[in-house]
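Some notes on the structure that comes next.
The values are calculated or read from the model by the stated rules, or taken from the named source; none is laboratory data. Everything quoted here is computed from the prediction, not taken from an experiment. A quick note on method: Cβ atoms are made from the backbone with ideal geometry, for glycine too, and the neighbour counts reach across all protein chains shown. Surface areas here come from the heavy atoms of the whole protein model, side chains and all, with no ligands, DNA or RNA. Shrake-Rupley method; radii C 1.70, N 1.55, O 1.52, S 1.80 Å.
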Amino acid sequence: DAGITQSPRHKVTETGTPVTLRCHQTENHRYMYWYRQDPGHGLRLIHYSYGVKDTDKGEVSDGYSVSRSKTEDFLLTLESATSSQTSVYFCAIMGTSGSNEQFFGPGTRLTVL
Amino acid sequence: QKEVEQNSGPLSVPEGAIASLNCTYSDRGSQSFFWYRQYSGKSPELIMSIYSNGDKEDGRFTAQLNKASQYVSLLIRDSQPSDSATYLCAVNKEYGNKLVFGAGTILRVKS
């Protein structure tokens, strides 16, 4: 258990509304990641963070923003949700061993109607 | 060409058999390779990491890496119904601390 929690675990929202997902970790890991998982596409990186206030885009960042004001929290925001953002969202951290190993949170299932 | 490719399956094997899962990747600079297991409705769980050419064994699992052929595989010996899951291959990108994932192979072990 890498000490990662995600909230909410499930959310149903309507098109055009803002949505924020939270990832919280308790072990002071520097690197945190947000992925989405869709059938046939596997896990795709949305954004990642390499420290407080240090973030960068992944391969599917359009329509998403992130913030990291504290080491333990990494927030993913959909400014105006669309149906194409219906997905399962996973947060991950990189272990501190320098091995590039990533460990995942339990996920958030988001449905945009 | 996808950066990490896996056969989507499903791969069906009888209980007790060896399951062989394969993965190819395109970035020759990749140095770290991982296998994750994901049960339906759950998050991915890291089961094997491999960094150098050859075999790495952990219990019933063996990871094999061939950088020249850009190929990594996972063997599961004495397959059990509890091994039925989706197996994701992940490879680090040459620069930065990012992983690229394959779409996964569904494994079904029949008792």
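Structure notes:
- Computed over the stretch A:63-111, the Cα gyration tensor eigenvalues convert (square root of 5λ each) into semi-axes of 24, 14, 8 Å, ordered from largest to smallest.
- Gyration tensor over alpha-carbon atoms, the stretch B:17-56, equivalent ellipsoid semi-axes in Å: 21, 14, 11
- Once the mean of 1/r is taken over each pair of separate Cα atoms and inverted, the stretch A:1-61 shows a Kirkwood hydrodynamic radius of 13.4 Å.
- Across chain B, Cα-Cα distances exceeding 25 Å account for 16% of all pairs.
- Within-10-Å neighbourhood charge of B:Ser79 [Cβ basis; K, R +1; D, E -1]: +1
- Over the protein assembly as shown: Rg over Rh, Cα atoms, Kirkwood Rh: 0.97
- Most mobile listed residue (A:Thr17, A:Thr77, A:Thr86) in chain A, GNM with C-alpha springs under 10 Å: A:Thr17
- As a ratio to 2.2 N^0.38 Å, the alpha-carbon radius of gyration computed for chain A takes the value 1.00.
- By a 1.4 Å probe calculation restricted to protein chains, B:Asp27 has an accessible surface near 40 Å², given to the nearest 10.
- Model label points for A:Ser65 and B:Asn53, set 7 angstrom from Cα along the Cα-to-Cβ axis, are 4.9 nm apart.
- Neighbouring partner chain Cβ atoms per residue of B:44-53, average, 10 Å criterion: 3
- Average beta-carbon neighbours from other chains, 10 Å sphere, peptide B:103-109: 2
- Normalised by the number of residues in the stretch A:56-113, the average gap of Cα pairs under 8 Å and 6 or more apart makes the relative contact order 28 percent.
- For chain B, the relative contact order works out to 38 percent when only alpha carbon pairs closer than 8 Å and six or more residues apart are counted.
- Other residues lying with their Cβ under 11 Å from the Cβ of B:Gly102 contribute a combined charge of -1, Lys and Arg counting +1, Asp and Glu -1.
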